[in-house]
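Only one structure is covered here, and it is reproduced in the block below.
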Amino acid sequence: MGLDIRIPLGVMFTILGLLLTGFGFFSDPVIYQRSLGIDINLWWGLALLLFGALMLCLGWRAAGGRTH
């Protein structure tokens with residue numbers, strides 16, 4: 001029985017990515033003037049969402065191949 005941390009990490013990063021993406025999507029563009037108009041929260045939220053989804057897929061694929 002091995003410890004597979006990919007599923008909890010995937011859930012955590014997916015939730016954080018969803019929150020950050022939502023904040024970046026619905027926030028006022030005026031707050032991004034200091035970052036040259038780049039919506040940092042939106043882009044990092046999407047990156048975290050992608051990473052979380054990748055961890056979930058890898059964790060579920062590994063868990064599906066185990067025999068108990």
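Values in this text are rule-based calculations from the coordinates and carry no lab data. Treat the numbers as computed from the prediction; the structure is a model and nothing was measured.
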Need the full-extension length gain, Phe25 to Ala47, defined as separation in residues times 0.36 nm minus the C-alpha distance. One decimal, nm. 6.5 nm
Between 0 and 90 degrees, rounded to the nearest ten: what's the tilt of helix 6-26 against the longest Cα principal axis of the chain? 20
Specify which labelled value, from (1) 1.21; (2) 0.97; (3) 1.44, agrees with Rg/Rh (Cα atoms, Kirkwood Rh) derived from the coordinates of the model shown. (1)
Taking 0.36 nm per intervening residue step and subtracting the Cα-Cα distance, what contour gain separates Leu3 from Ile15 on full extension? 2.2 nm
